[in-house]
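Remarks on the structure that follows.
The values are calculated or read from the model by the stated rules, or taken from the named source; none is laboratory data. Keep in mind the model is a prediction, meaning the values are calculated, not measured. Backbone-built Cβ (ideal geometry, glycine too); neighbour counts: all protein chains shown. Remember, those area values only see protein heavy atoms, side chains included, never the ligands or the DNA or RNA. Shrake-Rupley method; radii C 1.70, N 1.55, O 1.52, S 1.80 Å.
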Amino acid sequence: VQLQASGGGLVQAGGSLRLSCAASKRTFGNNGLGWFRQAPGKEREFVAATSWSGGTTYYADSVKGRFTISRDNARNTVYLQMNSLKPEDTAVYYCAGAAVSFATAASARYPYWGQGTLVTVSS
């Protein structure tokens, strides 16, 4: 099982980016998917999650209203649309595949992780 994240980069505060994460196996159509991030010197934290169908989503309070997670099961891809970016959003963003079908913020439920993509927001 492989996850390949892309779409990171440098953006000014207030700007937008869309991250993508392609999965290698069709079984991800039955699994929850999520995004996490880790800022320099900080622990990894939950950002957003979606259920297997995409019908249920869950967000960290810090990104609610600004970020949107979505998935395309036909393309085995999950997206994170990030708007109104702030300098505190600067981090390496990781996509992850859950062992459960529902949306969850618990990192322990995610056995599959991508390599991460760096997002830098300048002030």
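So in the stretch 62-77, with the set limited to residues that are at pLDDT below 95 and either among the basic types (Lys, Arg) or within 21 Å of Ala106 (Cβ to Cβ) (or both), which one is surrounded by the fewest Cβ atoms within 10 Å (Cβ to Cβ)?
Arg75
Residues in the stretch 63-77: is at least one touching an Asp or Glu at 6+ places or on another chain (Cβ under 8 Å) and free of Cβ contacts under 8 Å to residues at least 40 places away in the same chain?
Checked the stretch 63-77: at least one residue is touching an Asp or Glu at 6+ places or on another chain (Cβ under 8 Å) and free of Cβ contacts under 8 Å to residues at least 40 places away in the same chain.
Report every pair of residues separated by at least 6 positions or lying on different chains whose Cβ atoms are under 6 Å apart, first residue within the stretch 37-61 and more than 14 Å from Ala106 (Cα to Cα), second part of a strand (DSSP E or B) and modelled with pLDDT of 95 or more.
Here the result reads Gln38/Ala91; Gln38/Val92; Ala39/Ala91, each pair linking the stretch 37-61 to a residue that is part of a strand (DSSP E or B) and modelled with pLDDT of 95 or more.
Do you know which of the residues in the stretch 23-56 that are among the aliphatic types (A, V, I, L, M) and farther than 15 Å from Gln81 by Cα is surrounded by the fewest Cβ atoms within 10 Å (Cβ to Cβ)?
Here the answer is Ala39.
Does Val119 meet the test of being within 21 Å of Leu10 (Cα to Cα), touching a helix residue (DSSP H, G or I) at 6+ places or on another chain (Cβ under 8 Å) and open to solvent by less than 20 Å² (accessible area, probe 1.4 Å)?
yes
Being over 15 Å from the mean Cα position of the chain (by Cα) and either part of a loop (DSSP other than H, G, I, E, B) or within 20 Å of Ala49 (Cβ to Cβ) (or both) is the filter here, so list the residues in the stretch 3-21 that pass it.
Ala13, Gly14, Gly15
Take Ala105 and tell me if it is touching a residue at least 60 places away in the same chain (Cβ under 8 Å), more than 24 Å from Ser16 (Cβ to Cβ) and open to solvent by less than 60 Å² (accessible area, probe 1.4 Å).
no
Is it the case, given these coordinates, that Ala103 is of a type outside the set (S, T, N, Q) and over 19 Å from Val121 (Cα atoms)?
In short, yes.
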